[in-house]
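In what follows, a structure is listed as structure tokens, so that the remarks can point back to it.
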Amino acid sequence: MEIIICRNAQRVGEVAAAKAARIAAAVGPGIVLGVATGSSPVQAFAELAKLVAAGELDLSEASAFALDEYVGIPEGHPQSYHEVIRQTVTEPMGLDPARVHVPNGFADDLAAACQAYEDAITAAGGVDLQFLGVGSNGHIGFNEPTSSLASRTRIKTLARRSREDNARFFDSLDEVPRHCLTQGIGTIMDARNVILVATGEGKAHAVAQVIEGPVTALYPGSVLQLHPHVTVIIDEAAAGELALVDYYKETYATLPDWQRLEV
Ligand code: F6R
């Protein structure tokens with residue numbers, strides 16, 4: 001894993017966007033993005049939108065696949081991930097809405113919707129660059145602790161902690177759905193590049209488990225240790241429980257200039 005520790009959350013977004021733009025330039029205009037919702041990637045997405053607006057990045061031929069969607073919330077609902085992705089990705093980054101995909105959590109046949117989602121990712125040629133956040137319990141996507149590390153897109157029950165964490169987007173905890181459709185861990189691991197962003201001390205324990213803990217379904221993000229192209233971009237607060245923080249900083253600071261971004 002490449003570990004980049006930035007001085008603050010703003011810088012995390014800027015560095016994540018710069019890293020993503022480099023990958024996008026290498027892959028080409030038809031890049032397939034994997035996109036997360038939640039707070040973590042918002043700054044990075046806003047920075048990417050600035051690059052698009054400045055004419056430095058063209059995503060008009062790109063495709064995108066969201067990680068997950070709540071079950072039972074219709075598409076236009078303000079907290080549906082369809083809507084969140086439209087507002088944070090599709091419109092600001094100038095993607096063609098026809099090429100932006102979110103699992104259909106309102107389908108009559110949820111299992112068929114999950115298979116259709118897997119098929120659509122395959123038909124698009126797989127994900128070139130997956131953005132991830134991490135839950136305070138170590139989840140990636142909504143693959144909660146003890147999810148199969150080989151899982152594919154499927155229905156999951158949200159952990160109570162995840163519902164509590166996401167209650168800030170709803171009027172009350174009771175309104176937070178109990179189920180979701182999520183890309184599986186196996187699906188996420190098929191992405192060719194992964195950028196995971198995390199900020200704030202609430203993520204420090206999960207980040208330490210993901211980077212330095214054993215590979216275990218108890219902290220699903222730890223499986224990323226088995227992925228060949230993962231960059232973890234975090235602020236000082238989220239780095240607070242890492243044992244080897246000095247090592248990561250020194251390693252990054254001594255990279256050749258052309259490889260390094262200002263952190
Ligand atoms: C979002 C997702 C989740 C979040 C995670 C962190 O699509 O799949 O794994 O990335 O819950 O959420 P935030 O960024 O809101 O702390």
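Where a number appears in this text, it was derived from the coordinates with a stated rule and is not lab data. Computed from a predicted structure; not experimentally measured. Positions of Cβ are generated from backbone atoms using ideal geometry, with glycine treated the same way; all protein chains shown enter the neighbour counts.
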Bridge orientation stat for the chain from DSSP, antiparallel percent rounded to 5, came to 30
Contour minus Cα-Cα span, A21 to D257, at 0.36 nm per residue, comes to 83.3 nm
In a Gaussian network model of the chain with springs linking alpha carbons closer than 10 Å, the residue among V27, V52, V194 that fluctuates most is V27
Residue span H179 to D119: 0.36 nm per residue of separation minus Cα-Cα distance leaves a gain in nm of 19.4 nm
A correct Karplus calculation of ³J(HN,Hα) over the stretch 18-34, with 6.51 cos²θ - 1.76 cosθ + 1.60, θ = phi - 60°, whole Hz and x for Gly and Pro, returns 5, 5, 4, 5, 4, 5, 4, 5, 6, 6, x, x, x, 3, 9, 9, x
For the stretch 152-206, the percent of all C-alpha pairs falling in each 5 Å bin, from 0 up to the bin holding the max distance, is 4, 15, 16, 20, 25, 15, 4, 1
Which of F170, F131, F106 fluctuates most in a GNM of the chain (C-alpha springs under 10 Å)? That residue is F170
Between the alpha carbon centres of the stretch 1-61 and the stretch 196-250 the gap in Å comes to 19
Here the stretch 56-71 yields Karplus 3J(HN,Hα) values (6.51, -1.76, 1.60; θ = phi - 60°; whole Hz; Gly and Pro given as x) of 8, 8, 10, 10, 5, 9, 6, 10, 9, 10, 6, 6, 7, 7, 5, 8
Taking Rh as the Kirkwood radius computed over alpha-carbon pairs of the stretch 188-252 and applying Stokes-Einstein at 4 °C with viscosity 1.567 mPa s, one gets a diffusion coefficient in µm² s⁻¹ of 107
Per the 1/(1 + (r/R0)^6) rule, R0 = 22 Å and r from the Cβ atoms of L244 and R161, FRET efficiency to 0.05 is 0.25
Beyond 28 Å (Cα-Cα) in this structure, taken from K156/K249; K50/K156; K19/K249, we find K156/K249; K50/K156
With -39,500 (n - 2.57) per DSSP H segment of 4 or more residues and division by the full residue count of the chain, the 222 nm estimate, nearest 500 deg cm²/dmol, is -9000 deg cm²/dmol
Rh_Kirkwood(the chain) over Cα pairs, Å, one decimal, evaluates to 18.3
Length gained, D108-A46, 0.36 nm per residue minus C-alpha separation, equals 18.9 nm
Spelling it out for A64: with amide H atoms placed in the peptide plane at 1.01 Å from N, the residues 5 or more places away or on another chain with amide H under 5 Å from its amide H are L33, V100, H101
Taking 56-67, 179-190, 155-166 and ranking on average Cβ neighbours within 10 Å, highest first, one gets 179-190, 56-67, 155-166
